[in-house]
Amino acid sequence: MARKTFDNAKKAKNDEFYTQLADIENEMRHYRNQFRGKVVFCNCDDPYESNFFKYFAMNFKFLELKKLIATCYIGSPIANKELSLFPHESVENKTTKAPHKIVINEAIDENKDGAFDLQDIVTSLTNNKKNTLTRLNSDGDFRSAECVALLKEADIVVTNPPFSLFREYVGQLVDNKKDFIIVGNINAITYKDIFQLIKENKLWLGNTHRNRGLGMFFDIPESVNTETATRLKDGKIFIGGAVWFTTLDTPINHQKMTFYKNYKGNESEYIKYDNYDAIEISKTKNIPDDYYGAMGVPITFLNSGYNQEQFEILGFTHRNDPYKLKTKIYTKNDAENFNDLNGSPIIRSGDDVRFAYMRIIIKRKRETRNGNKKL
Ligand SMILES: C[S@@+](CC[C@H](N)C(=O)[O-])C[C@H]1O[C@@H](n2cnc3c(N)ncnc32)[C@H](O)[C@@H]1O
């Protein structure tokens with residue numbers, strides 16, 4: 001169902017899902033020490049309404065940022081008129097949504113009330129030459145020369161980019177060797193370039209999802225058609241596959257998994273696929289402690305068990321078999337529906353044939369008693 005919501009959003013090129021401040025706070029707290037002295041760039045973020053900009057502006061001092069830059073794309077609809085961060089936003093800007101760039105270099109208690117808040121930022125834009133809010137020369141597209149130049153200046157990019165351009169968006173960050181913490185859809189792990197980063201332990205799912213369900217609620221503009229939405233709460237839409245992706249490593253990624261089952265003695269519970277040399281594990285918690293062959297696990301393994309000390313990722317199951325893991329390609333001699341069979345991991349028991357969902361194929365690493373990998 002969640003997939004349906006996302007697909008609808010994708011088809012309509014509807015990229016207007018706005019991240020809630022609480023979700024940003026909840027994820028960012030895990031990287032607190034990694035922002036020190038860094039240039040943070042939010043490049044799909046209208047400074048007038050983005051909670052990403054709001055979060056980093058308000059926490060500029062606390063996180064000891066060096067610089068905060070936010071840019072936005074022309075014409076993004078106003079998500080939450082009542083949330084407008086700057087009371088002085090002009091009527092002209094509200095209607096045209098002209099692309100802006102805001103640069104914060106300094107957090108000073110301008111109104112001397114003992115605290116640093118958004119009001120100080122607003123004041124600093126006129127009082128303090130180091131903080132500026134200016135119109136962009138181009139349309140604010142993250143691929144524009146103007147925005148790429150800003151990207152080159154940045155250390156960490158943090159945002160929720162347009163879903164419909166996710167692959168290209170990540171590609172640009174990777175090409176420019178930038179760290180990032182961004183919102184995307186879990187389905188993006190099937191993009192080969194994204195999966196390769198996960199496989200090489202250069203990209204992780206965010207901390208918010210560790211041992212929890214996937215999905216997040218987003219603010220939406222009034223113009224979004226919510227008829228097909230499966231979950232709405234207080235005007236916010238739930239996107240079941242929405243997750244954080246990040247290149248910043250945290251201790252959570254190294255939490256060891258506890259095993260509750262043994263393979264030995266329970267062999268009949270662990271069936272080998274007919275077309276992959278791996279056993280089916282339908283729930284991560286069923287990964288056995290004493291099995292070192294290949295295993296097919298659900299995608300949720302990435303947020304509920306994976307750590308590079310205990311596991312190696314070999315690839316994922318797919319019709320096109322990008323990781324060359326298939327041991328069998330069905331033909332019409334095998335079955336009439338051979339084409340369907342080639343699309344999934346197949347569990348066969350006698351004449352009974354079951355299609356498993358897409359699986360990530362993993363292996364346990366052998367560890368010595370002191371936790372090091374055995375050579
Ligand atoms: C999913 S929304 C998220 C907005 C904001 N980052 C947030 O989380 O609240 C994606 C934003 O990207 C903007 N956008 C769409 N295409 C873009 C592009 N080519 N370059 C930069 N921003 C773009 C949209 O206008 C939209 O505001």
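The values are calculated or read from the model by the stated rules, or taken from the named source; none is laboratory data. This is a predicted model, so every value here is computed, not measured. Note that we place each Cβ from the backbone using ideal geometry, even for glycine, and neighbour counts take in every protein chain shown.
Values as computed for the structure displayed
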{"quantity": "Single residue of segment 41-60 satisfying the filter (more than 9 Å from the ligand (Cβ to nearest atom) and out of contact with any Asp or Glu (no Cβ under 7 Å at 6 or more places or on another chain)) that is modelled with the lowest pLDDT", "calculated": "PRO47"}
{"quantity": "Pair list, Cβ under 7 Å, 6 or more apart: segment 174-193 residue in the same structural domain as LEU68 (by TED's automatic domain parsing) and on the phi < 0 side of the Ramachandran plot, other residue of a type in the set (S, T, N, Q) and surrounded by 15 or more Cβ atoms within 10 Å (Cβ to Cβ)", "calculated": "ASP179/THR247; PHE180/THR246; PHE180/THR247; ILE181/THR246; ILE182/THR159; ILE182/ASN160; VAL183/THR19; VAL183/ASN160"}
{"quantity": "Failed condition for ILE252, given (1) under 21 Å from PHE301 (Cβ atoms); (2) assigned to a loop (DSSP other than H, G, I, E, B); (3) modelled with pLDDT under 95", "calculated": "(2)"}
{"quantity": "Residues (part of a loop (DSSP other than H, G, I, E, B) and either within 14 Å of the ligand (Cβ to nearest atom) or touching a residue at least 40 places away in the same chain (Cβ under 8 Å) (or both)) located in segment 24-40", "calculated": "PHE35, LYS38"}
{"quantity": "Residue in segment 135-144 that is within 14 Å of the ligand (Cβ to nearest atom) and closer than 30 Å to ASP109 by Cβ present", "calculated": "yes"}
{"quantity": "The listed residue being in contact with a helix residue (DSSP H, G or I) (Cβ under 6 Å, 6 or more places away or on another chain), crowded, with 17+ Cβ neighbours inside 10 Å and modelled with pLDDT of 85 or more, out of ILE102, ILE69", "calculated": "ILE69"}
{"quantity": "Lone qualifier among TYR357, TYR306, TYR330, TYR323 - being in a loop (DSSP other than H, G, I, E, B) and in contact with a Gly (Cβ under 7 Å, 6 or more places away or on another chain)", "calculated": "TYR323"}
{"quantity": "Qualifying residue in segment 76-96 (condition: away from the ligand (no atom under 11 Å from the Cβ), at pLDDT 85 or above and in a loop (DSSP other than H, G, I, E, B))", "calculated": "no"}
